[in-house]
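Each remark here refers to the structure printed beneath this line.
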């Protein structure tokens, strides 16, 4: 069976999966849900699981979602045939019909296929060894986004920190200082929830759930914190790209799995020594959060915007222009977490 122009019958994919009699399985608590990752072999395990290790469940539970993963290069004899060239011709970026979501990322030859009614998904890659480092930083992004969207939660392009009681969501486009700010906060005793992606739960107050424990540092951040060079996972790539690290490798006790959020802070880089904090409108806060999220994630619909709006309606908003003095930046965030707001 080859993939044609349409989304294929889910049963045909499942039939190919049934040939894997003894999959390698891991269970995770993602948001309020249990997710099982079921691997055809161990080939993809080191590419997918490290970013999720902080939410690993030691005792398997009945999963709310099962994701089946395989590599067609090493496991092709047990799979339906996949016409990768036809996918390239058709140029799929995202397709949604009924209960089925399909996303094809041509740059890495990866297919994400989700049936939200069956709570089952498939992640199929052409060659695991060819996956770039940034896939490991935020694995299964499309599958988890589409499925959580159906459940009323929203994966967002944002960072989050906590003092152990309250949390703050940090927003801003790439290069706005999220990674450096989160690492600075952790070094000063605060907790990590996420650096690049978090899950928003529209409760009252809103909760943020950690999903990945990844850090992606540019050269500026590395120069500020040179003592972390030994935890970089991709030293060859990091010469010209960002460095990938995992918080469990250097701050395992400073990771929080969720926190109630009291404020959203839009970050931007300043040219002055001390930070500048000012109140920000809900409209601008929503604009910053939604623009960043909707540009990063495919297959978003009105439900995503509704969750983001619900969140923004319930929290205070500020804009923080970061200064050169890192400790002063952290002090401002600590004050807001403790209720000392400008």
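The values are calculated or read from the model by the stated rules, or taken from the named source; none is laboratory data. Keep in mind the model is a prediction, meaning the values are calculated, not measured. Using ideal geometry, Cβ is built from the backbone for each residue, glycine included, and neighbour counts are taken over all protein chains shown.
Of the numbered conditions (1) at pLDDT below 85; (2) assigned by TED's automatic domain parsing to the domain that holds residue 263; (3) within 23 Å of residue 306 (Cα to Cα), residue 175 fails exactly one; give the number of that condition.
(3)
Taking residue 260 as the residue in question, decide whether it is modelled with pLDDT under 95 and either assigned by TED's automatic domain parsing to the domain that holds residue 198 or not in a helix (DSSP H, G or I) (or both).
For residue 260, the condition - modelled with pLDDT under 95 and either assigned by TED's automatic domain parsing to the domain that holds residue 198 or not in a helix (DSSP H, G or I) (or both) - is not met.
Quick check on residue 238: is it over 27 Å from residue 338 (Cα atoms), at pLDDT below 95 and buried (at least 20 other Cβ atoms within 10 Å of the Cβ)?
Judged against the criteria, residue 238 is a match.
Starting from region 13-31, keep only residues that are farther than 16 Å from residue 140 by Cβ, then list their pairs with residues that are modelled with pLDDT under 80 whose Cβ atoms are within a distance under 7 Å, requiring at least 6 positions of separation or different chains.
Qualifying pairs under 7 Å: 13/80; 16/78; 16/79; 16/80; 19/78; 20/78.
Report the residue count in region 247-274 for those that are under 30 Å from residue 202 (Cα atoms) and in contact with a strand residue (DSSP E or B) (Cβ under 6 Å, 6 or more places away or on another chain).
Looking only at that region, the number is 16.
Checking residue 204 against (1) at pLDDT 95 or above; (2) farther than 24 Å from residue 241 by Cα: exactly one of these is not met. Which one?
Condition not satisfied by residue 204: (1).
Would you confirm whether any residue within region 272-283 is in contact with a helix residue (DSSP H, G or I) (Cβ under 9 Å, 6 or more places away or on another chain) and under 30 Å from residue 96 (Cα atoms)?
yes
Pick out, from region 274-342, the helices (runs of 4 or more DSSP H) lying fully within it that include 2 or more residues that are surrounded by 15 or more Cβ atoms within 10 Å (Cβ to Cβ) and within 18 Å of the chain's Cα centre (by Cα).
282-296, 302-314
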